1. On the protein heavy atoms, probe 1.4 angstrom, tell me the percent of accessible surface of region A:59-139 carried by carbon and sulfur.
2. Hey, any idea what % of region B:359-399's accessible area is carbon plus sulfur with a 1.4 Å probe?
3. Please report the net charge: other residues with Cβ closer than 13 Å to the Cβ of residue A:48, K and R +1, D and E -1.
4. Can you bin chain A into rounded, prolate or oblate? Criterion: square roots of the alpha carbon gyration tensor eigenvalues sorted a ≥ b ≥ c, rounded for a/c under 1.5, prolate for a/b above b/c, oblate for the rest.
5. Using only atoms on other chains, find how many Cβ atoms lie within 10 Å of each Cβ of peptide B:426-433 and report the average.
6. Accessible area, 1.4 Å probe, largest first: how do A:49, A:106, B:232 sort?
7. Counting only protein heavy atoms, probe 1.4 Å: which residues of region A:104-121 lose 40 Å² or more of accessible surface in the full assembly compared with their chain by itself?
8. Residues of region B:375-422 with accessible area at least 40 Å² lower in the all-protein-chain context than alone (1.4 Å probe)?
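The values are calculated or read from the model by the stated rules, or taken from the named source; none is laboratory data. Computed from a predicted structure; not experimentally measured. So basically every Cβ, Gly included, is an ideal-geometry build from the backbone, and we count neighbours across all protein chains shown. Side chains included, ligands, DNA and RNA excluded: accessible areas come from the protein's heavy atoms. Shrake-Rupley method; radii C 1.70, N 1.55, O 1.52, S 1.80 Å.
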Amino acid sequence: MAELQKDFHNLKILVVEDDQNTMLLIKRMLLDLGVVHVYTCRDGAEALKLLGSFDGQDLINLVLCDWKMPNMSGIEVLKQIRTCDPDLPFLMVTGQSDVDSVVEAKAYAVTAYIKKPFSMEELRKKLRIVRRMIKAREATSA
Amino acid sequence: MNFARRWPGLNALFSRIPISSGPDSRLAQLLRDRAVRDVLILTPLVLGAGTLLVTQDFFETFVELTSRYENFELDNLLVAGFPASTAITWFSYRRWVDSVKENRRRKAVELDRDELREQLTQVQKMKAIGELAGGIAHDFNNLLMVIDGFGRRAASNLGDKQILEECLNQIIQAGERGTALTRQLLVFSRRQAIEKVVVTVAEVIDGIRGLVKHTLPEKYEVRFDLENPNAKIETDPNEFIQAFLNLIINARDSMADGGRIVIANKCINDADGKRSVQFSIRDTGHGIDKKTLTRIFEPFFTTKARDKGTGLGLAMVYGFVQSCDGRIEVKSEVGQGTEFILTFPRTDNPIVRAKEADASDQYGLGETVLVVQENESILAMVKSQLERLGYNVLTANNAFWALEIDEDYAKPIDVLLTDIIMPGMSGIELAAAMAETRPLMKTIFMSGYSDEANKTGQLPKGAAFLQKPVKLNHLAMVLRDIIEDEERLLAAG
């Protein structure tokens, strides 16, 4: 666990989930994996406002966003984010029945999907990949 | 002659009177800055009240300077001096006011003219862009119609082999025409990676000779006048021949009843000492008027009927010559024929020939290739082609998924075949990330733009670059070479 904490402690993750219990569960999982900075929002509008408040060194590394939400769906959140950040890793959290969402989300360059219910191991794998992406970007831009 | 010294009383009366309009000290300084030779003042008693005799220079300078200021009140006049000149004129308040008004009116007209000229230039630019976009849309629309139409026909006649063959041939031809059109556009925009090699004048002209036979009927006489056939240039021989073919076709079209075309070459030294090889193609056609001459290199500009020319030929020639660091000039007069002069830098580099790609000996031996490509159709097509060649193919739509495969796939991945530009993470970054876990994996980068090819300095050592669209036999050759660990870096399109 100490090693995990070292791996992911620099990540800054935004979780967008309207269901309170699911939100708490995902947050708990991330904290257990060693992520220190977990930001949570109950809807898309709140998430976009929060993202807008970040700048410079405090940029979010990953967005974990529920697909089905009232007022603003996950795809809407994705569309809005893509207008100002085409490269921000965006994981769409989908239910088993959201097959059509795959096609639509691809059109807006969704990074990847994670299907509910997901295990710690699946989440750890996604975080590992995000970490590798950040590291590669830093290495090639150096 | 200094009259002020001769008439000191008059000097005291007229020589030091401040100007009320505008910033006096600035005007005084401006007047003082000019070379002062003499001051000439005649008393009002001679010329009438408020009238001075001054040099032409002084009057014009004074009018120019005071034209900026709104206030015409001239209670006083400071005369600090004016440049010596033989032209003398009279200066009165009324004349000064009228001259300033005329000066301002003239400047306003000039400003309007400049603004109109600028607006016209912008309108012309937008028109050219509009024509370009319209032309591109038109040509690709035609190709899409062919592909769609014959595709549907094929789908409705799956059992008829003859119809299927006809339809598929049409689709393939449309695809090739589309590729050629894209290539022309990219060459024009200088975003096409042309394959430059060292060739002699004789080699490229031999290629042209062959085409001329098929392109020109006997009523056209073609002469070749080569002063330096062994001189060498660095160019893409296919694109060179294509460029010359465009010029030959234009020459032919300008001589409906036949005529003579002379293709010549010579070596020159430019004004700055650079050695160059010059090619010229001269015809005895109807020539080009001055107005048309200014537009001939514009894309989609043509004086021919729509079905006789796309208007891209000369634009392509222009783009190609620029890609070779050369220049192109045209000389023409109506009724006197036209001459195009293409100048390329001369080189002493040796001639190197690359081997030809042949798919027949380029089969895979079960090696694993990870293909990363955002476009699903291209991904499916490449997967199918590589599997047909005998490779084990994994696919991913973006870098994230590619890294997921990297995490999950326990066996070796021999080659990563990836786009450079991808959302989220570039192909270069992906290759760097995968190199940590798979150091023996080779990488082939793909892109539709030569700009990315120019980043070969950023590509990992031993990586290859392919410019899209990629032909199967070329991909097969590059894959085979990279797997067999050839040392030369392949930069092919």
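1. Working: 2080 of 3710 Å².
Its accessible area is 56 percent carbon and sulfur atoms.
2. Details: 930 of 1840 Å².
With neighbouring chains kept in place, the figure for region B:359-399 is 51 percent.
3. Values: positive: A:42, A:49, A:79, A:82; negative: A:43, A:46, A:76, A:85.
Value of the local net charge: 0.
4. The shape class here is rounded.
5. Values: counts 4, 0, 3, 10, 4, 2, 6, 10.
Neighbouring Cβ atoms belonging to other protein chains average 5 per residue here.
6. Values: A:49 165, A:106 70, B:232 45 Å².
Largest accessible area first, the residues go A:49, A:106, B:232.
7. So the qualifying set is A:106, A:111.
8. Listed by number, the residues meeting the 40 Å² cut-off are B:400, B:401, B:403, B:404, B:407.
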